[in-house]
Amino acid sequence: MILEVTDIMEILPHRYPMLLVDRIVELEPMKYAVGIKNATFNELFFQGHFPGKPVMPGVLLAEAMAQVGGVALLYPEENRGLIPFFTGIDKLRFRHPVRPGDQVVMRADIVKIKGMMGKVKAIGKVGDTVCAEGEYLFALMPGQDSEE
């Protein structure tokens with residue numbers, strides 16, 4: 001299943017400049033998702049991080065990987081409108097910088113869900129090179145439009 005950015009915006013609450021997933025190229029809801037982020041030189045963060053040697057901030061790469069997991073979690077209709085809030089991040093490692101022109105392919109696997117809590121394991125790669133990987137702990141919480 002392929003989801004374009006407009007489809008992603010129907011699932012995730014994120015918007016510019018915090019929507020960091022351009023496309024979902026594989027999706028098995030509540031199991032895993034594979035998404036891409038095209039890192040272009042026009043991204044505002046490249047202007048100041050770092051001048052002359054632009055690198056995508058690690059925290060934004062970590063967020064992009066989490067958003068791919070969020071699509072897998074929130075795709076089912078019964079989860080629409082929920083927000084996956086971080087409750088922790090474990091074993092997050094940055095292995096290689098992401099630079100302008102790179103396409104980051106991110107896979108997020110849902111490891112465990114218990115009630116409204118869970119764990120997602122994610123990895124981001126440029127080509128065959130691992131850029132980052134980590135485990136995300138989350139709580140699914142009602143969004144602002146929810147009556148709960």
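The values are calculated or read from the model by the stated rules, or taken from the named source; none is laboratory data. All values derive from a computational prediction rather than experimental measurement. Every residue, glycine as well, gets a Cβ built from its backbone with ideal geometry; the counts of neighbours run over all protein chains shown. Areas reflect the complete protein model, heavy atoms only, side chains present, ligands, DNA and RNA absent. Shrake-Rupley method; radii C 1.70, N 1.55, O 1.52, S 1.80 Å.
One table, with the values for the structure above:
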{"item": "Residue that is touching a residue at least 60 places away in the same chain (Cβ under 8 Å) and in a helix (DSSP H, G or I), where the choices are Val59, Val21, Val71, Val34", "result": "Val71"}
{"item": "Counted residues, the range 38-56 - those being of a type in the set (Gly, Ala, Ser) and either touching a residue at least 60 places away in the same chain (Cβ under 8 Å) or under 25 Å from Phe85 (Cβ atoms) (or both)", "result": "1"}
{"item": "Subset of the range 1-18 [assigned to a loop (DSSP other than H, G, I, E, B) and open to solvent by 30 Å² or more (accessible area, probe 1.4 Å)]", "result": "Met1, Ile2, Glu4, Pro13, His14, Arg15, Tyr16, Pro17, Met18"}
{"item": "Boolean, Gly118 is modelled with pLDDT under 95, surrounded by 19 or more Cβ atoms within 10 Å (Cβ to Cβ) and not hydrophobic (A, V, I, L, M, F, W, C)", "result": "yes"}
{"item": "Tally, over the range 40-50, of residues that are more than 20 Å from Phe94 (Cα to Cα) and loosely packed, with under 11 Cβ neighbours inside 10 Å", "result": "3"}
{"item": "Residue within the range 21-37 that is over 21 Å from Leu82 (Cα atoms) and open to solvent by less than 50 Å² (accessible area, probe 1.4 Å) present", "result": "yes"}
{"item": "Those residues of the range 133-146 which are out of contact with any Ser or Thr (no Cβ under 7 Å at 6 or more places or on another chain), closer than 19 Å to Thr87 by Cα and open to solvent by less than 60 Å² (accessible area, probe 1.4 Å), in sequence order", "result": "Glu133, Gly134, Glu135, Tyr136, Leu140, Pro142, Gly143"}
{"item": "Residue within the range 92-104 that is under 18 Å from Tyr32 (Cα atoms), open to solvent by 30 Å² or more (accessible area, probe 1.4 Å) and either in contact (Cβ under 8 Å) with a residue 12 or more places away in the chain or within 16 Å of the chain's Cα centre (by Cα) (or both) present", "result": "no"}
{"item": "Among the residues listed as Ile123, Ile110, Ile89, the single one being part of a strand (DSSP E or B), in contact (Cβ under 8 Å) with a residue 40 or more places away in the chain, under 19 Å from Leu12 (Cα atoms) and touching a strand residue (DSSP E or B) at 6+ places or on another chain (Cβ under 9 Å)", "result": "Ile110"}
